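Written out below as C-alpha cells is the structure these notes cover.
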Amino acid sequence: MSYDVWKVRGDFPILKETVYGKPLVYLDNANTTQKPQAVIDAITDFYTSSNANIHRANHLLSERATRGFEGAREKVREFLNAAAVEEILFVRNATEGINLVAQTFGRQNIGEGDEIVVSAMEHHANIVPWQMLCEERGAQLRVIPITDEGELELDEYARLLTPRTKLVAIVHMSNALGTVNPIGEMIAAAHAHGVPVLVDAAQSAYHRRLDVQALDCDFLALSGHKLYGPTGIGVLYGKRELLEAMPPWQGGGDMIASVSFEKTIFNALPNKFEAGTPHIAGAIGLGAAIDYITALGMDNIEAYEGELMTYGAQALTAVKELRMIGTAKEKASVFSFTVTGVHPQDLGTLLNASGIAIRTGQHCAHPVMQRYGVESTARASLACYNTREEIDALVAGIRRVQEMLG
C-alpha cells in the first residue's frame, strides 16, 4: 500500500503544536478531526477574495461565492454517489440533519401507535429527536439490543420490523464502541417491509467509502467537522421523491419561489430546505476537505487505519487492568476503555499533561454506558494522520498514570 503518513501529517499545521512542552498526540478524532492546510486556505480565500451572499446578487463576488457554494454541493454529491445535487442539503451538522427528517418526514408520516426502530448504540442525536417525535405523535421507540462484544442482535432487529414500523434510524459506526454495523443488510431488511431507513454516518464518513445508491438508504446524515472540514457545516442526503414530498422545516429567504400575504410558494430542491444565509465558507471548506481525502483515496485511508487499528488493539489489550469496551469483529478507529483504579477523567487529565489528547466521559451515548455497566470510558480515536508512535505514546502514558496512582 502506498500511503505516506508522515507526508500526510505535514498537511496538518496543528500537528506541529506542542502541549505543555510535549509534542501533540491528537487522539480525539471521533470528536472532531484536525484540518489540512488546503481546507484552511479555501476558507481564507473565500473571505479574502469572494465574500458575498449567494443566489441573491448579480455582482462578481456573489457569482464567485455562489459558484464555490454550489460547487461544494456537487463535490458532496460525487463523494456520496447521490443521483442528483438536489438530493444534497447543507445543514449545520448530522444532528440538524436528523432533526430535519424528524420534524418533516416524521411529523408527516408517523402517528399514534406507529414505531421507530433505533439501536442501543446510538448517539443521543439519533435518539432524542425520535423520542420527542414519539411523545408528540403517540408513537413508540423500539430498540435493537447489542451483545457483550458490541454487535447488534440482528435476529432481534428482524423481529422488530412489523407493520407498525414507519422508520429505521441506525448508526453506521458507533462513536462509543467503534462497531461498524452491516447497514446494507439492515436497509435491505427494512425495505422488504416497506420501511425507509435513515443512516447516521457522522463517524463512518471519514473512515470508509459511502455510496448512497448502492446502500439504497433513504436518508443519510454526516458532519463536516469530522470529515476534516469546518465546524458548523453538515450534510443531509435524501432520496429526491422523499424530499419533494416533505414540507419545509424552516421559513425564510431563499427557500421560497414567491411570497404574498395570502400564500407562499416554496422553492425547488435543495433550496426548499435551506432557509436564510447558509454557512458559505463552511460549505466551501467542506468541499476542499472532500478534495483532500479523495486525493488521498478513501480505500488507502481505510487500509492504513485498519493496520493502525490492529496495532493499537494489540498494544492496548497488553496493558494490565485495561478493559476494552466494544470488541466487535467489524470495528474501526475507536478504542473505548476503562482502567481499573483510574477514573477516566483523571486519566484524560494526566495524559493531557503529557500532550496526549483523548476524550473521556459518556460520549453522548448514555445507553451504551448503561449497557456495559460503566459510568464513563476513556476513548482514543484515530484518523488518517495518526501513527504507531502515537499509539505507543498513549500506552506509555497510561502505564505512567497507573504507576503514579498505584
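A short reminder: the numbers here are calculations on the coordinates, not readings from a lab. All values derive from a computational prediction rather than experimental measurement. When we count neighbours, we look across all protein chains shown, and the Cβ atoms used for this are built from the backbone with ideal geometry, even at glycine.
How many angstrom separate the Cα center of region 127-153 from the Cα center of region 320-374?
23
With a 10 Å radius around each residue's Cβ, average the other Cβ atoms per peptide and rank 272-278, 74-80, highest first. All intermediate terms of the calculation are to be shown ahead of the outcome.
On the way: 272-278: 17.9, 74-80: 19.7.
Going by the mean number of other Cβ atoms within 10 Å, highest first, we get 74-80, 272-278.
Identify the residues of region 205-224 with backbone N under 16 Å of a label point that sits 7 angstrom from the Cα of Ala84 along the Cα-to-Cβ direction, or state none.
Of the residues in region 205-224, 213 have backbone N under 16 Å from the label point off Ala84.
Which Rg and Dmax, in Å, describe the Cα atoms of region 228-323?
Considering region 228-323 through its Cα atoms, Rg and Dmax are 21.7, 71 Å.
Where in region 189-270 are there GluC sites (Glu not before Pro) that are in a DSSP coil and have at most 13 other Cβ atoms within 10 angstrom of their Cβ?
Taking region 189-270 and a limit of 13 other Cβ atoms within 10 Å, the loop GluC sites (Glu not before Pro) found are Glu262.
For the chain, just run the numbers: alpha carbon Rg, then divide by 2.2 N^0.38 Å, N being how many residues it has.
Scaled against compact globular proteins, the figure is 1.02.
Among Arg388, Arg92, Arg107, Arg379, which comes first, then next, by fewest other beta-carbon atoms within 10 Å? Before the final figure, lay out the partial values.
Details: Arg388 13, Arg92 19, Arg107 16, Arg379 26.
Lowest count first: Arg388, Arg107, Arg92, Arg379.
Fewest first, what order do Thr33, Thr317 take by the number of other Cβ atoms within 10 Å? Can you show the working numbers first?
Numbers: Thr33 23, Thr317 13.
Ordered from fewest to most neighbouring Cβ atoms within 10 Å, Thr33, Thr317 come out as Thr317, Thr33.
Of all alpha-carbon pairs in region 178-222, indicate the percentage at a distance above 15 angstrom.
For region 178-222, the fraction of Cα-Cα distances above 15 Å is 38 percent.
For Ala38 and Glu302, what does the FRET efficiency come to when R0 = 25 Å and r is the distance between their Cβ atoms, rounded to the nearest 0.05?
Step by step, r from the Cβ atoms, then E = 0.75.
What net charge is computed for the residues neighbouring Lys35, neighbours being all others with C-beta under 12 Å from the C-beta of Lys35, Lys and Arg scored +1, Asp and Glu -1?
Within the 12 Å Cβ shell, the charges total -1.
Arrange the following residues from fewest to most other Cβ atoms within 10 Å of their Cβ: Cys134, Cys364.
With the sparsest Cβ surroundings first, the list reads Cys364, Cys134.
Within region 1-78, report the chymotrypsin sites (Phe, Trp or Tyr not before Pro) that DSSP leaves as loop and that have at most 16 other Cβ atoms within 10 Å.
Details: sites: Tyr3, Trp6, Tyr20, Tyr26, Phe46, Tyr47, Phe69; in loops: Tyr3, Tyr20.
Listed in order of number, the matching sites are Tyr3, Tyr20.
What is the antiparallel percent of DSSP beta bridges lying wholly in region 40-294, to the nearest 5?
50
Would you mind computing, in nm to one decimal, how far apart the modelled labels at Tyr20 and Leu154 are, each placed 7 Å from Cα along Cα→Cβ?
Output for this residue pair reads 4.5 nm.
Report, to the nearest 10°, how far helix 298-317 tilts away from the longest principal axis of the Cα atoms in the chain, using its own Cα long axis and a range of 0 to 90°.
The two axes meet at around 40 degrees.
May I have the pair-distance distribution P(r) for region 82-150, computed from all Cα-Cα distances with 10 Å bins from 0 and rounded to whole percent?
Going from the shortest bin to the longest, the percentages are 19, 43, 29, 9, 0.
Taking the Cα centroid of region 236-306 and of region 36-82, what is the distance between the two, rounded to the nearest whole Å?
Measuring centre to centre over Cα atoms gives 13 Å.
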